[in-house]
Each structure stands twice: as C-alpha cells, then as structure tokens.
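Visitor: Here you go, one structure.
Nothing in this text is a laboratory measurement; each read-out follows from the coordinates by a stated rule. From a predicted model like this one, the values you see are computed outputs, not experimental measurements. Every residue, glycine among them, receives a Cβ derived from its backbone with ideal geometry; neighbour counts consider all protein chains shown.
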Amino acid sequence: MVHFYSASVMQESFIQFLWQYQLFTKNNLCTEEGQPLRIIRTGRLNTDAGPDFSEARIMIGDVEWSGQVEIHIKGSDWLQHRHQQNAVYDTVILHVVWQHDTPVYRTNGTLIPTLCLQPYTHASTLDRYQLLTTNTALIPCAGQFDQVPDLYRRQALDQAVMQRLQNKSRMVLQLLHANRSDWEETTYQLLAQNLGMKTNAPPFLRLARATPLKLLRRHGDSLVQMEALLFGQAGLLEGQFSDAYPNELKQEYQFLCHKYQLETLRLNNTEWKWAKLRPGNFPEIRIAQLAALVHAQKSLFSCFSSVEPEAEKNMLSDCVASPYWTTHYRFDKLSGDIHARLGDISRENIIINTKVLLLAAWAEAKDEDAYYHHAVRLLEGLPAEDNKITRKWRLLGLAATNAFDSQGCIELFNHFCSERQCLRCPVGFFLLKNSRQPHPIQT
C-alpha cells in the first residue's frame, strides 16, 4: 500500500521528535543534494530562540560537520521565518524538513544541506502519532495503554509530578513576589485558597488579599474580631440576622471596616458558591476554620514549612470552627449535622496543596534540595486522592497507591492528555518508538 502524508497534516513538534529520538530508518540516508549522510550526534533540543538543535555532529560525504540543526515542516518555512536574513542561523549545518520544496542558503549565500524525513519515516509511526493526537478520547492512548510496560507508566507519573511541583512552586513564588517576599502572608493566602477547595478557591484568595494577615494579627487576641473581619470582607454580613452571633460579628465589622477603611476591598456575596457542596464545605464553615487556624497559630509558615513529622497534621486536627458552626451551616440556618472540624480528606488536601508546595517553593528559592525531597516524601506517605481523574486512570490499569501517584495522574490528564502533549510523555514515546514496521513511507 502506498502512503503519502502532506505537510498539511504534519506538525513541527513531530519532526523535532523524529529527529531527537531518531525514529526513522537511517540506512542509505542522503541529503536532497544527493550526498550520503551519517548522523553522529543529533544535538541538544533548544527551547529558546535560535536553531532547534545545538551541538550536532554529522558526516556529509567525507566531511564531518559540527553545528546546529533547524527543523521545519517545509523547506520554504526557512524563507517564511526569514532565517536567510538572520546571521544566527549561519551555524546551521543541516535543514531537516518533512517536505522539500526549495533549497535554503546562509546570509553569505552558501547552500545549507537538507534532509527530508518523509521517505525515511515508517508509515506506522505517523499513523500512531495521528491516532494519539487527533482522536477524541479524553486520554488519547486509552485504546493502547495496555501495551505500555510498567516502567514507562512509572516514568510518566514521575515526570508529571516533577512538572506539577515545578509549575506550582513557581506559582507560589509569584505570589511571594507580589507579597514582597513575605512568606507568612504568602502561606496565609495559599492556605485560604486551598480551604476554598476547587469551587471557592478564587474568592478565598481574593478574601485573603482583602483581609491581610497583618491586619488579622492586630486582633489576634479576639477570635470574634478576626471572624468579623473575614466574614465582613467576604460580603457575608450584609442584610438582617435573627441570631445573636452574626449580629455581633456585623457590629464588630462595621467598627473595624470604618477604622481601617476597608469598604473598597470588600467582596460581593455573589462571588461565593454553595450549589453542589456539602454543608461542611460551605464558605461560612471554611471562613470560620480559617479564622480559627490564624487565631491558634502564631506563625503559619513555620508550621507548614517544618520538616518535623506530623507537625501540620496536629495543627490541622486542632482546627475547629467556633461553637456556632457546630449547629449551623449558614447564618440563621440551623442544622444538627455539621462537622466544624476539618475532615481527613480536607486535611490531606491542605497538606498536598499548601505544605508540599511551600516546601517545593522554599527549596527552589533557597536552593535547598532537602526541602524538595521532604515534599516528595510527604506525597508518598499520604493516601491517594480519589476523584474523576484518578478513577479514569484506574479503569485503564493505572491505580494510584499514594498522593504522589494521584498528583501524577492529575497532571498527566490535565497537561499532557488534555493538551495532546503525547510527544512529551514517556507513554507516548513508547507507543511511537515501538510502532515501527519493516517498510518506511513510500512517496
């Protein structure tokens, strides 16, 4: 059967992948100029500006060349990108393309040899690549996942967790920068955001910014005043109440709001969500727990950055909202089935998304690998998360045994599978590498 794949179905990232891992037949390689070609070293992939691969070594005829390799879908892309006018590309020793439609030259007019990969690439490799990147399955490799050895599955999880920690720690460092390198304020904001879980995380972060920790600390001797500030800034003390407790908070907040001129920072109560939440996760319960945590702990950062075993678990276990919330799920809404104490799943979620990320961020900021290793050990010691994503992987045979694995599953799904980044995933690499058949594409 004759195969032909035009440039219209090709992506440059795939050609980079083919070159980097040499997933094409190298027998009788020739440049488009008719010279025999032997690849000694593919070079290092460049993720910055400039040619795609640096420090490559090749033999063209009897001459050895050292320099850069540039990748394009079509030869004419060189002209489209105006490389012929950029002296940075004068060090290119080989132009690797999928379709050769024009020769290319350096700024001094000398010809750059071209290798066209299409004739040397196995049809099955491209078929598998297109199957991975164009199918509509939530997990592109779902139909082939049972072919993947445990080694590559493990590598995929490890790589995903490392990427997740790096990306999340950078987010913490951005928060730290906005807080002028104040780790205590950053810990408070991160904790508040995580208490909101996924549903109310954005308004919780805005609430923490609208009610700075330094302001709460001024009233550290009074839990009621701390609650008043938080509930008031959340926009949840508006209207009329029957119970004495919300009326006391409202009175306290009116005084403190005027004293500190907080009106312009106050959230609108419409920013909060209650639908599809259990009462224990309602904003009011979580805000009361945040107030209790800040009231009980003199230094949030010291506790969350501690490498002492069980330090954060003991702190979170002692976190109990004020007595009103043991019988109410909202102001003036009575209920006898409310748990004002953080549950096990909530505590584990806070450890994963607060303590682990703070340790990873601290390790990066201070170049202290020991804190990063402790973050990994924490994840390995926590139970696996059970959610829609981890259940999808479990059905494919990838069962998370601890929080390290489940974080890897989440990252794989959100930032590899959903974004069709199969070329960056060890699972995708295995499937493509082992898809080769005896005959390359015929043009």
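Visitor: What residue among Ala403, Ala360, Ala49 shows peak mean-square fluctuation when the chain is described by a Gaussian network model with Cα springs under 10 Å?
Guide: Ala49
Visitor: To continue, here is another question. Based on DSSP, what percent of beta bridges with both residues in the chain are antiparallel, to the nearest 5?
Guide: On the way: 19 of 28 bridges.
Around 70 percent of the beta bridges assigned by DSSP in the chain are antiparallel ones.
Visitor: Taking every DSSP beta bridge that has both residues in the stretch 11-156, what percent is antiparallel when rounded to the nearest 5?
Guide: Looking only at bridges with both residues in the stretch 11-156, the antiparallel portion is about 60 percent.
Visitor: Okay, moving on. What dipole magnitude, in Debye to the nearest 20, does the stretch 181-342 give about its Cα centre under +1 on Lys/Arg Cβ and -1 on Asp/Glu Cβ? Mind dumping the intermediate values first?
Guide: Working: 18 positive and 18 negative charges, 84 e Å.
Approximately 400 debye in magnitude.
Visitor: Continuing with the same structure: In a Gaussian network model over the chain where Cα atoms closer than 10 Å are linked, find which of Asp369, Asp386, Asp62 has the largest mean-square fluctuation.
Guide: Ranking Asp369, Asp386, Asp62 by mean-square fluctuation puts Asp62 first.
Visitor: Using a Cα-Cα cut-off of under 13 Å, which aspartates and glutamates could be cross-linked to Lys168, ignoring same-chain neighbours fewer than 8 residues away?
Guide: Glu364, Glu411
Visitor: Would you mind ranking Trp274, Trp393 by Cβ crowding within 10 Å, fewest neighbours first? Walk me through the numbers before you get to the answer.
Guide: Values: Trp274 14, Trp393 24.
Going from sparsest to densest Cβ surroundings: Trp274, Trp393.
Visitor: Do the alpha carbons of any pairs in Lys276/Lys333; Lys214/Lys273; Lys298/Lys355 sit beyond 24 Å of each other, and which pairs?
Guide: Details: Lys276/Lys333 17 Å; Lys214/Lys273 27 Å; Lys298/Lys355 16 Å.
Pairs exceeding 24 Å: Lys214/Lys273.
Visitor: Amide H to amide H, which residues 5 or more places from Leu29 or on other chains are under 5 Å from it, using H placed in the peptide plane?
Guide: Leu37
Visitor: Can you give me the relative contact order of the stretch 7-121 as a percent, contacts being Cα pairs under 8 Å and 6 or more apart? Please list the in-between numbers first.
Guide: On the way: 232 pairs, mean separation 28.1, N = 115.
Relative contact order of the stretch 7-121: 24 percent.
Visitor: Each residue of the stretch 92-102 in turn: what ³J(HN,Hα) in whole Hz from Karplus with 6.51, -1.76, 1.60 and θ = phi - 60°, glycine and Pro shown as x?
Guide: So the Karplus estimates, Gly and Pro as x, are 5, 9, 8, 9, 9, 9, 8, 10, 8, 10, 6 Hz.
Visitor: Of [x] 90, 47, 41; [y] 80, 64, 38; [z] 72, 58, 41, which one was derived for Cα extents along the principal axes in Å from the structure shown?
Guide: Looking at Cα extents along the principal axes in Å for this model, the match is [x].
Visitor: If you don't mind, another one. Given an 8 Å cut-off on Cα distances and at least 6 residues of separation, report the relative contact order of the stretch 66-208 as a percent. Please report the intermediate quantities before stating the final value.
Guide: On the way: 132 pairs, mean separation 18.0, N = 143.
This gives 13 percent for the stretch 66-208.
Visitor: Moving to a separate point now. Which whole-Hz couplings ³J(HN,Hα) result when phi for each residue of the stretch 378-384 is put into the Karplus expression 6.51 cos²θ - 1.76 cosθ + 1.60, θ = phi - 60°, listed in order with x for Gly and Pro?
Guide: Calculated HN-Hα couplings, in order: 4, 4, 5, x, 9, x, 5 Hz.
Visitor: To continue, here is another question. For helix 183-195, report the angle its Cα long axis makes with the longest principal axis of the Cα atoms of the chain; keep it between 0 and 90° and round to the nearest 10°.
Guide: Tilt of helix 183-195: around 90 degrees.
Visitor: Also, I was wondering about something else. If you rank Val427, Val320 by fewest surrounding Cβ atoms within 10 Å, what's the result?
Guide: Values: Val427 27, Val320 17.
So the residues, fewest neighbours to most, are Val320, Val427.
Visitor: If the only charges are +1 at each Lys and Arg Cβ and -1 at each Asp and Glu Cβ, what is the size of the charge dipole of the chain around the Cα centre, to the nearest 20 debye?
Guide: Values: 45 positive and 46 negative charges, 113 e Å.
The dipole magnitude comes to about 540 debye.
Visitor: Taking the inverse of the average 1/r across all pairs of different Cα atoms in the stretch 269-393, what Kirkwood radius in Å do you get? List each step's numbers first, then the result.
Guide: Values: mean 1/r = 0.0618 Å⁻¹.
For the stretch 269-393, inverting the mean 1/r across all distinct Cα pairs yields 16.2 Å.
Visitor: Could you go through the stretch 414-428 in sequence order and give the Karplus-derived ³J(HN,Hα) for each residue, using 6.51 cos²θ - 1.76 cosθ + 1.60 with θ = phi - 60°, rounded to whole Hz, and x for Gly and Pro?
Guide: Calculated HN-Hα couplings, in order: 6, 10, 10, 5, 5, 9, 6, 9, 5, 5, 8, 9, x, 5, x Hz.
Visitor: Helix 150-178 versus the longest principal axis of the chain: what is the Cα-based angle in degrees, 0 to 90, to the nearest 10?
Guide: Tilt of helix 150-178: around 60 degrees.
Visitor: Projecting each Cα onto the charge dipole of the chain (Lys/Arg +1, Asp/Glu -1 at the beta carbon, about the Cα centre), which of Phe304, Leu396, Pro426 comes out farthest on the positive side?
Guide: Checked the options; the winner is Leu396.
Visitor: Also: Find out how many positive minus negative residues lie around Ile39, taking Lys and Arg as positive, Asp and Glu as negative, among other residues whose Cβ is under 10 Å from that of Ile39.
Guide: On the way: positive: Lys26, Arg38, Arg41, Arg57; negative: none.
Net charge around Ile39: +4.
Visitor: From the residues Thr91, Trp274, Gln189, which one has its Cα farthest along the dipole of the chain in the positive direction, the dipole being from +1 and -1 charges on Cβ of Lys/Arg and Asp/Glu about the Cα centre?
Guide: Of the candidates, Trp274 comes out farthest on the positive side.
Visitor: Could you tally the net charge around Tyr152, taking each other residue with its Cβ under 14 Å from the Cβ of Tyr152, Lys/Arg +1 and Asp/Glu -1?
Guide: Values: positive: Arg153, Arg154, Arg424, Lys433; negative: Asp146, Asp150, Asp158.
Taking every other residue near Tyr152 into account, the sum is +1.
Visitor: Taking only C-alpha pairs under 8 Å that are 6+ residues apart, what is the relative contact order of the chain in percent?
Guide: 18 percent
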